[in-house]
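What follows is one structure encoded as structure tokens, with my remarks underneath.
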Amino acid sequence: MDKSITQATQNDKQISKSIKRFFTRFHISSALKAANAYKRKGTPVTEIFQYMFLLIFSNRSMYMSLLTGKNTPDFAKDTVYRFMKMVQINWMRFTTILASRIINNAILPLDSEDRANVLIIDDSMFERNRSKKVELLAKVYDHAKHKYRFGFRMLTLGWSDGSTFLPVNSILLSTENKKNRINEAAEIDKRTVGYRRRKLSMEKGTHAMLALLEAAKKAAIPAKYVLFDSWFSSPSTFHAVKRMDLDVIGMVKKSPKMFFRYDGEDMSLISIYNKNKKRRGKSKYLLSVMVDVVKDGDIIPAKVVYVRNRNKRKEYLCLISTDVNLDENEIIRIYGKRWDIEVFFKVCKSYLNLSRECNSLSYDAMTAHTAVVFTRYMMLSLESRESNDNRSLGELFLYFSDEMSDITWIQAFQMLLQMFRTMLSDNTELSDEKIDELANVFMDALPALLKTKLQAA
């Protein structure tokens, strides 16, 4: 199994037209090169990345592909493992560059100038319960299942225009608490990207979030607002984001320990709510007030909107916007775009094998796997947008899987046909013209659907 695979079929013949067009249009090879992924010797990195990208659409793992001999590459599996473990590849830069190209070249020309583009921050559980030897493995609290699990928090920055969501970059967060880290980081050169990646994974989530935003800003990803839930909301976060020339629209905890300046007095959101008269009727919000967010003497004006909790009618939620010119209903509407990232997490876990496809113990390999999954989602999201497809991303994924299966089957049929032509040529005295004539008669006798697919291939 360690020997090189010698199948002659080229990757270009295995890739569907839509996928091949995506790789060419957004110059995946140059994005990899910009992220410091390049060939030292042997197989070009683009071929390896393309192979990893296509694995999900073949409905087989790399191990099963090699075992069955189907969709096998021209390189050994160790080549893939070495590529995934490369410490010098900046996967955060790769996905950020790719997202920027798609947004600026393919999506923005379709949008009106007054559309509010947003960046969305959230995290999701990246489970690794099967092994206790995973690098930087941590004991992480899963808020969805309300219990501790082994794995990472996949902190993700995404972009949305309200119609299309694209993942921009991410970091697999371990934990800053050494007691909850099952394993420590591997000893590597401190000058490498891999070292900085590991160091960032042990920082607080709010600090890592700012690193993701800085990367997006450097790549010129256009957005006016940053959306996040109450976990990331604090006066220090609001000030840090504002310094990047971005405004925040976020959910805020009703904590008695978090204060905002209202009428010259530092008060909690609960106290501010109790002090004011509420709106009656069927209004979308109960109360709107102007506050100052104070941190180390610096002041940012903000608008707090109290909204009814749909799940518990007697309770309320608090939204805050550092853009005080926004109408209350507009604040509520824009914050609603945050739901796009929840859909993204669901699709990645249900269809794109997030965390399940990569069994490596290396932190670099898991980061590379995440970048591959993000690239798959970007392609599906763009395909849905440009084709005005009403199907869900899950249905589009199955469509691509079927398309790849058709290509593999057609290739096998073409090989049999070529073998038949060779046998006729070697064992009979028929001329090439006669053999072509027999092949054409055979093709004409095939069912119309099969004939059309073969001709297209």
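Before moving on, here are some points about what is shown:
- In range of the label at LYS278: residues from the range 287-327 whose backbone nitrogen is under 19 Å from the point 7 Å along Cα→Cβ: 287-290, 304-320
- Percent of beta bridges antiparallel (DSSP, the range 225-322, rounded to nearest 5): 85
- For PHE260, net neighbour charge (Lys/Arg +1, Asp/Glu -1) across residues whose Cβ lies under 9 Å away: -1
- Entries of LYS132/LYS204; LYS33/LYS147; LYS190/LYS349 with Cα pairs more than 29 Å apart: LYS33/LYS147; LYS190/LYS349
- Label-point separation, THR428 to MET290 (7 Å along Cα→Cβ), nm: 9.1
- Summing Cβ point charges (Lys, Arg +1; Asp, Glu -1) relative to the Cα centre of the range 125-255 gives a dipole of roughly 580 debye.
- Pairs with C-alpha atoms separated by more than 25 Å, drawn from the list LYS20/LYS199; LYS178/LYS254; LYS133/LYS178, are LYS20/LYS199; LYS178/LYS254.
- Net charge dipole size for the range 225-322 [Lys, Arg +1 and Asp, Glu -1 on Cβ; Debye, nearest 20]: 960
- Scoring 135-143, 284-292 by mean Cβ neighbours within 10 Å over their residues and listing the highest first yields 135-143, 284-292.
- In the range 302-345, trypsin sites (Lys or Arg not before Pro) in a DSSP loop with at most 11 other beta-carbon atoms within 10 Å: ARG310, LYS312, ARG313, LYS314
- Electrostatic dipole magnitude of the range 59-204 [Cβ: Lys, Arg +1; Asp, Glu -1; Cα centre; debye, to 20]: 980
- Simple spin-label estimate for ARG40 and ASN177 in nanometres, 7 Å along Cα-Cβ: 4.0
- Residues HIS143 and LYS217, FRET efficiency given R0 of 25 Å [Cβ-Cβ distance, rounded to 0.05]: 0.30
- Distance (nanometres) between label positions extended 7 Å along Cα→Cβ at LEU438 and VAL324: 8.7
Read the figures in this text as sums done on the coordinates, not as results from a lab. Because the structure is a prediction, the values reported are computed rather than measured. All Cβ positions, even for glycine, are placed from backbone atoms using ideal geometry, and neighbour counts span all protein chains on display.
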